[in-house]
1. Evaluate the following for residue 106: is it farther than 18 Å from residue 33 by Cα, touching a strand residue (DSSP E or B) at 6+ places or on another chain (Cβ under 7 Å), among the aliphatic types (A, V, I, L, M) and in contact (Cβ under 8 Å) with a residue 60 or more places away in the chain?
2. Within the range 61-88, track down each residue that is of a type outside the set (A, V, I, L, M), over 21 Å from residue 17 (Cβ atoms) and in a helix (DSSP H, G or I).
3. With the requirement that a residue be farther than 17 Å from residue 2 by Cβ and not in a loop (DSSP other than H, G, I, E, B), what does the range 15-54 give you?
4. Would you be able to say whether some residue in the range 73-82 is under 17 Å from residue 129 (Cβ atoms) and hydrophobic (A, V, I, L, M, F, W, C)?
5. Which numbered condition trips up residue 118, out of (1) farther than 13 Å from residue 21 by Cβ; (2) in contact (Cβ under 8 Å) with a residue 40 or more places away in the chain; (3) charged (D, E, K, R)?
6. Over 18 Å from residue 139 (Cα atoms) and modelled with pLDDT of 95 or more: does that describe residue 38?
7. Here are the criteria: (1) more than 27 Å from residue 148 (Cα to Cα); (2) modelled with pLDDT under 95; (3) not β-branched (Val, Ile, Thr). Tell me which single one residue 16 does not satisfy.
8. Applying the selection to the range 121-144, what residues are among the aliphatic types (A, V, I, L, M) and at pLDDT 95 or above?
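The values are calculated or read from the model by the stated rules, or taken from the named source; none is laboratory data. Worth saying up front: this structure is predicted, and the values here are computed from it rather than measured. Quick reminder, even Gly has a Cβ in these numbers, built from the backbone with ideal geometry, and neighbours come from all protein chains shown.
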Amino acid sequence: MKMDIKAILETLPHRYPFLLVDRVVELEPGQRILAQKNVTANEEFFNGHFPHYKVMPGVLIIEALAQAAGILSFKTIDSQASDEQVYFFAGIDNARFKRPVVPGDVVMLEVFIERHARGIWKYKGKAMVDGQLAAEADLMCALREVPKAPAAQ
C-alpha cells in the first residue's frame, strides 16, 4: 500500500511545521512501513540548528520514525487520528545517530512492529539516507483516549 500526502493528512493529526512524513512508499499492515521525509533548506528548525552547518535535529528524526509508526498502527487497526484519541510517545530505547541529515537528503523511514497489546505498541525503526544508516531506535507508543474537559458550571 502506498500513501500520498493527502492520505497521510487524513491518518495523522500532525500538521505543518510538525508533520515529518511526506509519502508512504510501502505499508504492510501489522508488519512494517517504509515512508519518506524530504529534507529541504526551508525547514523551520534549520534557522537555529545550526545556521552555519544545517543539520536536522536527531530528536526530529526519531519523531519522523514515530509518525511513520503511527501511520502503520492506524492502518493496522483500520483507524485514523481523531479528536477523541492521541498517539503518545511512551519510550525510546537504543537510539543511535550514525550520520547527519542535511538539506537535500531524502530520509527513508523503515519501522517494524515488534509487539502490540492493550493499546501499547513497540517498534524497531531506522532512518536511512542514500542507503546509509542515519539513525535507529526502539520506540514505544500508546494510543490513549483524550481526557474530556469538565463541564462548565
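1. no
2. Of everything in the range 61-88, those that are of a type outside the set (A, V, I, L, M), over 21 Å from residue 17 (Cβ atoms) and in a helix (DSSP H, G or I) turn out to be 73, 74, 75, 76.
3. Once the filter is applied, which keeps residues that are farther than 17 Å from residue 2 by Cβ and not in a loop (DSSP other than H, G, I, E, B), the range 15-54 yields 44, 45, 46, 47.
4. Initially, the range 73-82 is screened for residues under 17 Å from residue 129 (Cβ atoms), giving none.
Scanning the range 73-82 turns up no residue that is under 17 Å from residue 129 (Cβ atoms) and hydrophobic (A, V, I, L, M, F, W, C).
5. (2)
6. yes
7. (1)
8. 127, 128, 129, 133, 134, 135, 137, 139, 140
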